[in-house]
Amino acid sequence: MASVYRALAITAMAFFSPLLIPVLFWGGLFYDLFNSELPPGIDQPLKLRFFHSLLITAMISGKILEKLGICSDLSLLRVVLDGIPLRRDPKLLIKDLKVDEVPVRIYQPKWPPTGKRRGILYFHGGAGTFGSIRAFERICRYIARKCNSVVVSVGYRLAPEHPYPGQYFDCLNATLYFMRNLEDYQVDPALIIISGDSCGANFATVICQILLNRRDLPKVRAQILLYPGLQGLDFHLPSYQQNASVPILFQKLVIYFCFRYLNKESVSLEDVLQSCHVPESMKRSYKKWISADIIPDRFKARGYVPQKPTPFKPEVHEAIKEILAITFSPLLAEDSTICQLPESYIVTCEFDVLRDDGLLYKKRLEDNGVQVTWYHSESGFHGILAFFGYGIFSFPAGKEIMDSIVNYINSL
């Protein structure tokens, strides 16, 4: 079905491109100019504005195609963000297979190993609704080459066609397959790393928590979480306020994609932004873990206004209660779980609405005695690694993040 949607989207693009795409792009550009904010210090703002305009154009075009009954709006977005295919890599053996109908791509260095290699699972970002193995091909190839490691990229099935929480099960099944077949890939069972970016980092976090109870599998050596989204309680943390209109991920877009991921009607978007979906007892209970008071003061310097109390609305809670579950909000896991987690590497970006999720999880891990290596990109924004490996179309801060990841992996 995904290939059918792709074909329809490509056909529609070819048909409408000569007339509508230029008009829509200029519309997207003007939308970006009037609605987005590019704070001083963000990496290459004009380039970011251009890419954001393309993203808006794809989203608007997708809505038009959906209204015309040609394909779903997400289909076009998936095509646009799917990336440009790479040529064969002479240094890597790349193998495609399926694990319980889930596509998996495995990258292995061709040169003979001097010993057993690290095994790295990678779950891509995309709000659970877009993104693919191909879109993150450059990241996985780079890590496999630079770290002399076996990298397993998991193409979990996307929502809403494949309902939540199926994405977690896809990632878990691929992980179990790999951990049970390490010998086939000459991987050291003591060097398993689980990683991901954005929602993929959320999946990685949940999988690491689930695997704590598995005595029949090797222990995970480390988790690598790249600008993770980890909670659905508070969308008014400092980073959500400061970066509410910073590309590529607006504050309201987070909620919109949460609704699309969970296949919900987004009629209560504003109520969710105001935390009306959270019972008062839960707010009190989890304030010790999710609160602006916990965020270091230096991250509030750009402007932060404490949120005024908002009333709980049971009907909103009922409509979107899934985002308060541990699978969606692993930041809510109990200390008895957090203290058992493996050594962690967390990347946050200053101009990212999800920045504070990473900061809060970093503190929770450290408070529970888990070793954390933290890299903060002072000029980075959400999704910056999606542009990695595209030469002049990449961002310097993205390369710096990737090199820091490589250095961390090689230190294990």
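Computed from the coordinates by the stated procedures, all read-outs in this text should not be read as laboratory data. In this text the structure is predicted, and so the values were computed from the model without any measurement. Here the Cβ positions follow ideal geometry from the backbone for every residue, glycine too, while neighbour counts run over all protein chains shown.
The number of Lys pairs in region 218-352 with C-alpha atoms less than 25 Å apart, excluding pairs fewer than 8 positions apart on the same chain, is 25. Here the relative contact order of the chain, from alpha carbon pairs under 8 Å that lie six or more residues apart, stands at 15 percent. Looking at region 83-178, the GluC sites (Glu not before Pro) that sit in a DSSP loop and have at most 15 other Cβ atoms within 10 Å of their own Cβ are 101, 161. For the chain, the alpha carbon positions stretch 56, 55, 39 Å along the principal axes, listed from largest to smallest. Ranking 291, 396, 411 by how far each Cα lies toward the positive end of the dipole of the chain (charges on Cβ) leaves 411 at the top.
Packing, taken as the mean count of other beta carbons within 10 Å per residue, orders the peptides 231-243, 167-179, 307-319 from highest to lowest as 231-243, 167-179, 307-319.
Go ahead and run the numbers for FRET between residue 368 and residue 97, Cβ-Cβ distance against an R0 of 30 Å, rounding to 0.05.
Between residue 368 and residue 97 the formula returns 0.25.
The order of the peptides 50-60, 79-89, 120-130, 378-388 by mean Cβ neighbours within 10 Å, most packed first, is 120-130, 378-388, 50-60, 79-89.
Report note on the peptides 71-78, 334-341, 258-265: ranked by the mean count of other C-beta atoms within 10 Å, highest first, their order is 71-78, 258-265, 334-341. Electrostatic bookkeeping for residue 198 treats Lys and Arg as +1 and Asp and Glu as -1; over the other residues with beta carbon under 11 Å from its beta carbon, the sum is -3.
Only the Cβ atoms of Lys and Arg (+1) and of Asp and Glu (-1) were treated as charged; on that basis the dipole of the chain about its Cα centre amounts to roughly 980 debye. What does the C-alpha gyration tensor say about the overall shape of region 50-95? Classify as rounded when a/c is under 1.5, otherwise prolate if a/b is larger than b/c, or oblate. Verdict is oblate for region 50-95.
Once the chain from residue 376 to residue 86 is taken as fully extended at 0.36 nm per residue, the excess over their C-alpha distance is 101.5 nm.
Modelled spin-label separation between residue 288 and residue 390, with each label point placed 7 Å from Cα along the Cα-to-Cβ direction: 4.5 nm.
Were the residues from residue 404 through residue 305 laid out at 0.36 nm apart, the gain over their Cα-Cα distance would be 32.3 nm. The Cα center of region 153-222 and the Cα center of region 273-343 differ in position by 25 Å.
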